[in-house]
Amino acid sequence: MPVFSDSAVHLIHGASQGIPRIINQICTQAIYDAALNGHEVIEDKHIHQVLIDQQLQRGAV
């Protein structure tokens with residue numbers, strides 16, 4: 001079973017523009033979010049939540 005769903009990988013790539021440091025930040029936060037909610041696979045909903053949280057932290061929302 002994959003750790004990240006295909007849709008999550010596509011979202012990560014689009015949001016990070018392929019920049020390794022940003023990929024790591026998104027993935028780390030998504031893993032924490034999934035673990036807190038008892039999920040074994042990171043889905044696009046976890047990535048969306050991370051991206052929303054990042055925007056909130058930057059004051060972009």
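A few comments on the model shown:
- Net charge over other residues, Cβ less than 10 angstrom from the Cβ of ALA34 (K, R count +1; D, E count -1): -2
- Helix 44-58 vs. the chain, principal-axis angle (Cα, 0 to 90°, nearest 10): 20 degrees
- C-alpha long axis of helix 20-36 to longest principal axis of the chain, angle in °: 60 degrees
- Amide hydrogen neighbours beyond the local backbone of ILE42, cut-off 5 Å, H modeled: PHE4, SER5
- Structure-derived P(r) over Cα pairs in 5 Å bins from 0, in percent: which label, when the choices are [x] 4, 21, 30, 27, 13, 4, 1, 0; [y] 4, 20, 33, 29, 12, 2; [z] 4, 21, 22, 18, 12, 9, 7, 4, 2, 1: [x]
- For region 1-41 versus region 42-58, the gap between their alpha-carbon centres in whole angstrom: 9 Å
- The chain, relative contact order in percent, only Cα pairs under 8 angstrom and at least six apart counted: 42 percent
Readers should treat all values here as calculations from the given coordinates under stated rules, not as data from a laboratory. As the structure is a prediction and not an experimental result, all values here were calculated from the model. Positions of Cβ are backbone-derived with ideal geometry, glycine not excepted, and every protein chain shown enters the neighbour counts.
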